[in-house]
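Undergrad: Questions regarding the structure given below will be posed in turn.
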């Protein structure tokens, strides 16, 4: 455990997950780092310019190391075969009084450019989701002493990451919120459904790399239990959504604090890829419409304007309220530093 923590420059075995979509503000990433944990920029959907700006801001707020999370897949996509879904989504646009959707959708990918930023800015740690980076990118990052962390939802994925030269594996259980790292969603339409403790034990038994646990973790007792099992660190996302420094909008925060343990479900309606979210009107209506969803990332791009308007108008029922199964334990907003401290306090201090 100490070896990985030393390698990552951490004082405590806590990693803040790289949640894409504007949640991981520079202020939160820096606050987590200053608290001795590992902060992560969720750069999956960011442009290289936006990433560079965030990196430079974080460097003004902390001298501690931090990570950047990337999607290992190329997001470049185009489709003009979208009319049935677009017409259905226009109902929400009419309701929100925003422009109707177009006849085609194009998604840009900035992966190569973001790797350039990571190297230019000497970012020491990169984590990835949805697969394995190309050998070319791995070689470039490794040549610059970047530590690579890969997300796996089953043993086969972990072995692929290990064989590719990654340095540590996040064992991401089905309890995790948002998009999990499952590589093949044709094989696992709802993402791989292995629970965290079973997955952790399997990886510890078969993988030589340090294992990081993620999925439904929200309190110190869980952290202690997982560390006693042999993981090197734990990674949390949902708990940090209500950090005061997070970019989570007000309606989303309220929904998180109000939600119960059984209020989440796995859905593809927002992005075309399985993700765990708090049930709401959008999930129920689009999921029950019978209209075929577009694949990721086309569906994600198609719903982007609706989700953005939902944030602007504080309408939680049409937002993607990503959350893990531990959401029922979240009762208040706290600073990122308070969250980190609560997770590592000793049993005698609880």
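The values are calculated or read from the model by the stated rules, or taken from the named source; none is laboratory data. Since this is a predicted model, take the numbers as computed values, not measurements. A quick note on method: Cβ atoms are made from the backbone with ideal geometry, for glycine too, and the neighbour counts reach across all protein chains shown.
Undergrad: All but one of (1) surrounded by fewer than 18 Cβ atoms within 10 Å (Cβ to Cβ); (2) within 22 Å of the chain's Cα centre (by Cα) hold for residue 60; state the number of the condition that does not hold.
TA: Tallying (1) surrounded by fewer than 18 Cβ atoms within 10 Å (Cβ to Cβ); (2) within 22 Å of the chain's Cα centre (by Cα), residue 60 fails exactly one: (2).
Undergrad: Go through (1) within 19 Å of residue 181 (Cβ to Cβ); (2) touching a residue at least 24 places away in the same chain (Cβ under 8 Å); (3) within 16 Å of the chain's Cα centre (by Cα) for residue 267 and report which single condition fails.
TA: (2)
Undergrad: Among helices (runs of 4 or more DSSP H) lying entirely in segment 190-246, which contain 3 or more residues that are at pLDDT 95 or above and over 17 Å from residue 37 (Cα atoms)?
TA: Helices (runs of 4 or more DSSP H) meeting the threshold: 196-206, 220-229.
Undergrad: Same structure, new question: If a residue has to be outside any loop (DSSP other than H, G, I, E, B) and either within 18 Å of residue 125 (Cα to Cα) or modelled with pLDDT under 95 (or both) to count, how many in segment 170-180 make the cut?
TA: Qualifying residue count for the region: 2.
Undergrad: Have a look at 263, 167 and point out the one that is in the same structural domain as residue 345 (by TED's automatic domain parsing), modelled with pLDDT of 95 or more, surrounded by fewer than 21 Cβ atoms within 10 Å (Cβ to Cβ) and touching a helix residue (DSSP H, G or I) at 6+ places or on another chain (Cβ under 9 Å).
TA: Just one listed residue meets the conditions, 167.
Undergrad: Let me ask something else about it. Is it the case, given these coordinates, that residue 269 is modelled with pLDDT of 95 or more, touching a helix residue (DSSP H, G or I) at 6+ places or on another chain (Cβ under 6 Å) and in a loop (DSSP other than H, G, I, E, B)?
TA: Considered against the rule, which asks whether it is modelled with pLDDT of 95 or more, touching a helix residue (DSSP H, G or I) at 6+ places or on another chain (Cβ under 6 Å) and in a loop (DSSP other than H, G, I, E, B), residue 269 comes out as yes.
Undergrad: Now, a different point. Only one of these is within 24 Å of residue 237 (Cα to Cα) and more than 18 Å from the chain's Cα centre (by Cα): 146, 126, 170, 132. Name it.
TA: It is 146.
Undergrad: A follow-up question, please. Hand me the list of helices (runs of 4 or more DSSP H) wholly inside segment 1-114 holding 3 or more residues that are in contact with a helix residue (DSSP H, G or I) (Cβ under 8 Å, 6 or more places away or on another chain), over 20 Å from residue 242 (Cα atoms) and in the same structural domain as residue 172 (by TED's automatic domain parsing).
TA: 48-61
Undergrad: Based on what the data block shows, is residue 98 more than 22 Å from residue 179 (Cβ to Cβ), buried (at least 18 other Cβ atoms within 10 Å of the Cβ) and at pLDDT 95 or above?
TA: Against the criterion (more than 22 Å from residue 179 (Cβ to Cβ), buried (at least 18 other Cβ atoms within 10 Å of the Cβ) and at pLDDT 95 or above), residue 98 does not qualify.
Undergrad: Looking only at segment 312-327, which residues are part of a helix (DSSP H, G or I) and buried (at least 18 other Cβ atoms within 10 Å of the Cβ)?
TA: 316, 318, 325, 326, 327
Undergrad: Quick check on segment 1-42: of everything there that is within 19 Å of the chain's Cα centre (by Cα) and at positive phi, which residue is surrounded by the fewest Cβ atoms within 10 Å (Cβ to Cβ)?
TA: Selected residue: 22.
Undergrad: Answer with yes or no whether residue 69 is over 18 Å from residue 164 (Cβ atoms) and at pLDDT 95 or above.
TA: When the stated conditions are applied, residue 69 does not pass them.
Undergrad: Show the residue pairs meeting these rules: Cβ distance below 7 Å; 6+ apart or different chains; first residue within segment 311-333 and free of Cβ contacts under 8 Å to residues at least 40 places away in the same chain; second residue part of a helix (DSSP H, G or I) and surrounded by fewer than 24 Cβ atoms within 10 Å (Cβ to Cβ).
TA: 317/281
Undergrad: Give the residue that is surrounded by the most Cβ atoms within 10 Å (Cβ to Cβ), with candidates limited to residues of segment 279-294 that are part of a loop (DSSP other than H, G, I, E, B) and without any contact (Cβ under 8 Å) to a residue 60 or more places away in the chain.
TA: Top of the filtered list is 280.
Undergrad: Oh, and also: When you scan segment 296-309, do you find a residue that is at pLDDT below 95 and surrounded by fewer than 22 Cβ atoms within 10 Å (Cβ to Cβ), even just one?
TA: No: zero hits.
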